[in-house]
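Enquirer: Structure incoming, see below.
The values are calculated or read from the model by the stated rules, or taken from the named source; none is laboratory data. This one's a predicted model, so the numbers in the text were calculated from it and none came from an experiment. With ideal geometry, Cβ positions are generated from the backbone for all residues, glycine too; neighbour counts draw on all protein chains shown.
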Amino acid sequence: MRCRPFLLCCTFLLSWVSSLPAHVYAQRYAEQRYSIAEGLDNVRVYFLQADPAGRIWVATDWGLDFFDREHQLINSRKLPQLPQGLINDLAIGPDSSVWVAGTKLYRLRLSAGLKLRIDTTVVGYAPHFNRIGTSFLTVDHQNRVWFAGLPDQPFTDKGLSILQNGRVKNVTARVFPKQAPSILDLRADWANRRVLIATKDGNLWQWRDETLSRISLEGKIRRILQGPTGLFYALTDVALYRLKTGAAERVFQIPAMMQTAEVFAISSREEVAFASANRHICWFDGRRLVDSGVSTAPVRSLLFDRQGDLWVGSTDGISWVLRTGWRYFDASGGWSDETVSATEDRRGTIWFASRGTGLSRLSEDRIVRDDTYFRTLPSNDFIAATNRDTDGNLIFSTVGGKGLLWFDGQHYRKLPGSDQGTNVRGFYDDVTQNRYLFATSKKLLIYNRRTLELEKVMPLPTTGYYDIEKDKMGRFWLGGQGSSAIWDGKSEQVKTLTYSPETLPVWMIFDIYRDKRGNLWLATDQGLWFYDYKRFRQIVPMQLKRVLHFCQPLGTSYLMVGAIEGLYVLDVDRFYENGQEWLAWFDQRNGFGGQGISHGCFRDSQHRWWMPTHDRMMMIPEKELLGLLKTVPTGLRSIRDLRTGKRYTNLSGKMRFNPDQNDLEIQLQEPQNHNLFANSVYSYRLERLDDPQPDTEWSEPVHSSTIFLKNLSDGRYRLALRVLRANGLWNTSPVVQEFQIAPPWWSTGWFRMLALLAVFGCGFFFVLRQVRTQAQRQQEILRAKQRVTELELEAANRQNIEVQMSRELAEASRERALLEVRAITNQIDPHFVSNFLTAVQSMLYRQESEMVVRYLAKFGSIFRHKLLSRSQVFWSLGEELDFVSTYLDLEKVRFRQRVQSVIDVKPGVPLDTTIPKMLIQGYVSNAIKHGLENKPQGGTVWLTLEVQDDFLHVTVEDDGVGLEKARQYRRRSTGRGLVINQALFDQLNQYNAMKSRQFHTDLNENGSGGLRVEAYLPLYPVLPPEEVVAEAKA
């Protein structure tokens, strides 16, 4: 009896201990996040569901999205037929139909080419709500839809309904005849032809063959879980059970951390994923509890895919946790900034060196600082040159050359003479000669590897050295900056390799690796180079033309190359077999989250690769990394004619298409098992072979599996494809396909030949016909020539006569114009003269003698102008303006204040240009005589001269009675002035390309009154020859 309390206590203690996980792993897993920026309709994700085709369907607050098999996110913008609005539950039917629960119940059937068929013909469906992490919608093996709730009673969890033949039926009484329970979770097990029902009272039921039975479990049921392979599990508040046909089999007891979680998912390896209290995504397999380090918003749904990766739907989008592949340590796992190298001691402890925080080690999956070395070498700054000899001893190099720290797993020693004042980066463990080789910027330090004594210091060409490697001829290569060196290992003679296209085509060598064939691989500032002791060859220059920090072997067939933007892997075996360069690339898109890989990478005894980067410590088991290097099929899959739909899959050799097949769809190769975030990315170049363009460039990256070439003209083409990235290893050599678009029949060679023959035949027939008629026409031509000679003589005589007549007519025309101008000048209005003399007489009566003298002088100047230029028809604009000014002054004597005048000569008007004599005076005289004289109150005459487009623009405008009234008052007008002006314009137009013209405008039509006369004359016109002669005589 005394032992019973002790036994009870031991039993309780053992059960409590067994409920605890063996260990909580703190290393972080890589993740990819999706939100609205990446294409989600809404960040509130309620449910995730995978279908048999590998698509992942996403139910959000604003609609349904899904990831297709080409890892493209399809939303309502790409496929408007997708249901929109609140979507809170999803289910997949045996026929691969997708059932979507929202405000309506949708049935979706998606076929090739994104052809979507939607059926909403459901009678009696009422929307149901979805609790976090559960499903109230499922489809059984008979394709019947089950959901929690009752027909036409929305948002209730009591009762069960079935959709059959388009109508909702209440089956609550049939399934639960005694009492209608509240539903907690609902799943259909197709393999066992049953429906699993979890109720809120903690029981698990199965409906099979129209019979309800209870499945006995320890504890209360919390969730029904379905794995990626179709197996079903029951999760209680005590344990996880595997649901078999007849009973439930206990898998493991759940830890305390899982008891407060609400959302779960199970993998094919029976790992249960959940969100912890601090919103970290974790999983438990019965032995260990793993904290992925991935933190999210409140989780609504979890899903394991077939590859074992975990999808997390939260109120802030989707997180995709990569469980297979890369893991990393950041600050939460003890990682320190500027960690530059990783290595392993003899006891299997992983050590890390950093700039600023010294040395640290891995302890129980956390990185912890270890300063036990500080007494031996007090420094916290180490460079990325941590070295490990063949015996497992570690050698750390300090910043600034403060010394080398040697560590055998238990004891530290500072190598004597290692404080050289410069960084010691290059290292080689020469076991055969029992020596360590260390390269500084000026010296080669040689140590005895057993006694650790400094045996020799040999001078080196001054530069920074990064690595030392021994080639197959026993020489040591020292890779440096600006120059490198080769040492024979015996003498003190060092051969310097400087930057040169012939000797060393790179500036900096960061790492040197000698493969099993003895050839050298160089990681440089200009990519990856290969040296076979004959020449240097650049490897994959299109992808690796950038700074590379290290190159190390991976397995037996690959070479790892580290760059700033990620990690590359080269297939060395294929390179040696056929010269092909197969490459893989890892960056943030496929799990490698680090930025810039340092030189201090290392593979430990557990075959794990440790890679320090600028912002984290990356780690991946070599086996998993090799598993990611699957060959990816790339290149052309088919070519389809878009007009006829015909597809060509046999792409060997050159292809030929008809003239109307000039719109082509190029289908690209894609891997069979798609990774949703690492699809193949191509670039292409289309060259015209019969019309080559030297500057044909590669296209922008193509992220889809199709390329469209439209409106191609006839001719020969070469299509070159290259892969920029893929989910595995791909061949970097461009794929080339040549094809030809046949020309239309009218552009073919045979048609052109026939057309040419027809032209030649017609020409020959025409020539033959001409030859036949040539003889007949010869005589006619001779007679015609004689007649032509006679006619030419007659024509010459007539031409002489016409020239003489034209000269006489021109002279007569000039004389006539001159006589008419003289007649006009002689016709200065007698009434004007009489009125002027009367006005002078009145001034004499008023004893205005000075004014009389002045106006008589102006009156005399008018007649002096007439006498001096009687033989001229043209004179300068300045002379015309003087004449007009004098005339206006005399008219003002007659009319006094009744007549006003304004003369406006615009800037740039040349006064030496030639115009017909008295042209402007005639316009002004008409304005006064016909416009203002008949207006009792008088008016104003405006004269404006300006240059417009190499024309002299003359405008004379008055505010008189206008054109119509002037015709009524006209008494002394003959109308000859305007006719003579037009005759002079016609004479000018015979000798000038710029034509003179005149026209008038009646201003009474717009209500202002008066008349405007305008004339356009070319500046400096070419005058008739007789006028030039007359001027010369004058």
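Enquirer: So Thr649 fits all but one of (1) in contact (Cβ under 8 Å) with a residue 24 or more places away in the chain; (2) of a type outside the set (Phe, Trp, Tyr); (3) not assigned by TED's automatic domain parsing to the domain that holds Leu559; what number is the exception?
Expert: That leaves (1) as the condition not met.
Enquirer: Need the failing condition index for Ser713 against (1) surrounded by fewer than 16 Cβ atoms within 10 Å (Cβ to Cβ); (2) closer than 30 Å to Phe586 by Cβ; (3) small (Gly, Ala, Ser), just the number.
Expert: Just one mismatch for Ser713, condition (2).
Enquirer: Are any residues in segment 105-121 assigned to a loop (DSSP other than H, G, I, E, B) and either at pLDDT 85 or above or under 20 Å from Gly39 (Cβ atoms) (or both), and if so, which ones?
Expert: Gly113, Leu114
Enquirer: So which residues in segment 329-355 are modelled with pLDDT of 90 or more and not hydroxyl-bearing (Ser, Thr, Tyr), if there are any at all? Before you say what the answer is, go through the steps one by one.
Expert: In the first step, residues of segment 329-355 are kept if they are modelled with pLDDT of 90 or more; the result is 339-355.
Selection gives Val340, Ala342, Glu344, Asp345, Arg346, Arg347, Gly348, Ile350, Trp351, Phe352, Ala353, Arg355.
Enquirer: Which one is nearest to Gly728 (Cα to Cα) among residues in segment 604-636 that are among the basic types (Lys, Arg) and free of Cβ contacts under 8 Å to residues at least 40 places away in the same chain?
Expert: Per the criteria, the residue is Lys623.
Enquirer: Still on this structure, please answer the following. Looking at Thr315, Thr324, Thr349, can you tell me which residue is over 21 Å from Ile620 (Cβ atoms) and hydroxyl-bearing (Ser, Thr, Tyr)?
Expert: When all the criteria are applied, what remains is Thr315.
Enquirer: Just need a number here: residues in segment 283-298 that are surrounded by fewer than 24 Cβ atoms within 10 Å (Cβ to Cβ), assigned to a strand (DSSP E or B) and in contact (Cβ under 8 Å) with a residue 60 or more places away in the chain.
Expert: Here the count works out to 6.
Enquirer: Scanning for something of a type outside the set (Asp, Glu) and without any contact (Cβ under 8 Å) to a residue 12 or more places away in the chain, does segment 376-391 turn up at least one residue?
Expert: For segment 376-391, residues of a type outside the set (Asp, Glu) and without any contact (Cβ under 8 Å) to a residue 12 or more places away in the chain: present.
Enquirer: A further question on this structure: Given (1) part of a loop (DSSP other than H, G, I, E, B); (2) more than 26 Å from Glu581 (Cα to Cα); (3) out of contact with any strand residue (DSSP E or B) (no Cβ under 9 Å at 6 or more places or on another chain), where does Leu756 come up short, assuming only one miss?
Expert: (1)
Enquirer: Could you list, in sequence order, all residues of segment 182-193 that are part of a strand (DSSP E or B), touching an Asp or Glu at 6+ places or on another chain (Cβ under 8 Å) and either not assigned by TED's automatic domain parsing to the domain that holds Ile221 or not hydrophobic (A, V, I, L, M, F, W, C) (or both)?
Expert: Matches in segment 182-193: Ser182 only.
Enquirer: Of the residues Arg250, Arg300, which is modelled with pLDDT of 90 or more and within 39 Å of the chain's Cα centre (by Cα)?
Expert: Arg300
Enquirer: Being of a type outside the set (D, E, K, R), within 30 Å of Leu73 (Cβ to Cβ) and either modelled with pLDDT under 85 or assigned to a helix (DSSP H, G or I) (or both): is that true of Ser813 here?
Expert: Working: of a type outside the set (D, E, K, R): yes; within 30 Å of Leu73 (Cβ to Cβ): no; either modelled with pLDDT under 85 or assigned to a helix (DSSP H, G or I) (or both): yes.
Answer is no for this residue.
Enquirer: Can I ask one more? Taking segment 327-339 as the region of interest, how many residues are part of a strand (DSSP E or B) and under 24 Å from Lys623 (Cα atoms)?
Expert: So the count comes out to 3.
Here is a yes/no grid of residues against (1) in a loop (DSSP other than H, G, I, E, B); (2) assigned by TED's automatic domain parsing to the domain that holds Glu879; (3) without any contact (Cβ under 8 Å) to a residue 12 or more places away in the chain; (4) among the hydroxyl-bearing types (Ser, Thr, Tyr):
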{"residue": "Gln900", "(1), (2), (3), (4)": "no, yes, no, no"}
{"residue": "Gly908", "(1), (2), (3), (4)": "yes, yes, no, no"}
{"residue": "Ile915", "(1), (2), (3), (4)": "no, yes, no, no"}
{"residue": "Gln921", "(1), (2), (3), (4)": "no, yes, no, no"}
{"residue": "Ser925", "(1), (2), (3), (4)": "no, yes, no, yes"}
{"residue": "Lys929", "(1), (2), (3), (4)": "no, yes, no, no"}
{"residue": "Val941", "(1), (2), (3), (4)": "no, yes, no, no"}
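Enquirer: Filtering segment 133-181 down to residues that are hydroxyl-bearing (Ser, Thr, Tyr) and assigned to a loop (DSSP other than H, G, I, E, B), which residue is farthest from Gly202 (Cα to Cα)? First the steps, then the outcome.
Expert: Taking segment 133-181 and keeping what is hydroxyl-bearing (Ser, Thr, Tyr), we get 134-135, 138, 156, 161, 172.
Keeping just the survivors that are assigned to a loop (DSSP other than H, G, I, E, B) gives 134-135, 156.
Values: Thr134: 14, Ser135: 16, Thr156: 18 Å.
Across segment 133-181, the extreme among qualifying residues is Thr156.
Enquirer: Looking at segment 692-706, is at least one residue at pLDDT 85 or above and closer than 26 Å to Gly749 by Cβ?
Expert: No, segment 692-706 contains no residue that is at pLDDT 85 or above and closer than 26 Å to Gly749 by Cβ.
Enquirer: Also, quick follow-up: Just to verify a result, which residue in segment 422-468, among those that are of a type in the set (Lys, Arg) and either assigned to a loop (DSSP other than H, G, I, E, B) or in contact with a His (Cβ under 8 Å, 6 or more places away or on another chain) (or both), is nearest to Thr524 (Cα to Cα)?
Expert: Arg425
Enquirer: Just to be sure I understand, how many residues within segment 144-190 are out of contact with any strand residue (DSSP E or B) (no Cβ under 9 Å at 6 or more places or on another chain), touching a residue at least 12 places away in the same chain (Cβ under 8 Å) and at positive phi?
Expert: Matching residues across segment 144-190 total 1.
Enquirer: Another question, if that's okay. Please tell me if Gly286 is farther than 21 Å from Pro621 by Cβ and either of a type outside the set (Val, Ile, Thr) or at pLDDT below 90 (or both). Let's see the steps before the verdict.
Expert: Working: farther than 21 Å from Pro621 by Cβ: yes; either of a type outside the set (Val, Ile, Thr) or at pLDDT below 90 (or both): yes.
In short, yes.
Enquirer: Oh, and also: Would segment 496-505 turn up any residue that is within 34 Å of the chain's Cα centre (by Cα) and assigned to a loop (DSSP other than H, G, I, E, B)?
Expert: For segment 496-505, residues within 34 Å of the chain's Cα centre (by Cα) and assigned to a loop (DSSP other than H, G, I, E, B): present.
Enquirer: Return yes when Leu225 is part of a loop (DSSP other than H, G, I, E, B) and either assigned by TED's automatic domain parsing to the domain that holds Asp309 or not basic (Lys, Arg) (or both) and no when it is not.
Expert: Working: part of a loop (DSSP other than H, G, I, E, B): no; either assigned by TED's automatic domain parsing to the domain that holds Asp309 or not basic (Lys, Arg) (or both): yes.
Judged against the criteria, Leu225 is not a match.
Enquirer: OK, next. Looking only at segment 734-749, which residues are out of contact with any helix residue (DSSP H, G or I) (no Cβ under 9 Å at 6 or more places or on another chain) and either at pLDDT 90 or above or surrounded by 15 or more Cβ atoms within 10 Å (Cβ to Cβ) (or both)?
Expert: Once the filter is applied, which keeps residues that are out of contact with any helix residue (DSSP H, G or I) (no Cβ under 9 Å at 6 or more places or on another chain) and either at pLDDT 90 or above or surrounded by 15 or more Cβ atoms within 10 Å (Cβ to Cβ) (or both), segment 734-749 yields Pro734, Val735, Val736, Gln737, Glu738, Phe739, Gln740, Ile741, Ala742.
Enquirer: Here is a further query. Among the candidates Trp320, Trp326, which residue alone is in contact with an Asp or Glu (Cβ under 8 Å, 6 or more places away or on another chain) and modelled with pLDDT under 90?
Expert: Going through Trp320, Trp326 in turn, the sole match is Trp320.
Enquirer: Say whether the condition of being polar (S, T, N, Q), under 28 Å from the mean Cα position of the chain (by Cα) and crowded, with 17+ Cβ neighbours inside 10 Å is met by at least one residue in segment 544-567.
Expert: no
Enquirer: Here is a follow-up. Within segment 356-390, take every residue that is outside any strand (DSSP E or B) and aliphatic (A, V, I, L, M) and give me the one that is modelled with the lowest pLDDT.
Expert: This residue is Ala385.
Enquirer: Return yes or no: is Ala180 closer than 24 Å to Gly133 by Cα, surrounded by 15 or more Cβ atoms within 10 Å (Cβ to Cβ) and at pLDDT below 90?
Expert: Here the answer is yes, as Ala180 does meet what is asked.
Enquirer: Check Leu881, Leu890 and return the single one that is under 26 Å from Gly960 (Cα atoms), at pLDDT below 85, more than 60 Å from the chain's Cα centre (by Cα) and part of a helix (DSSP H, G or I).
Expert: Criteria check complete, one pass: Leu890.
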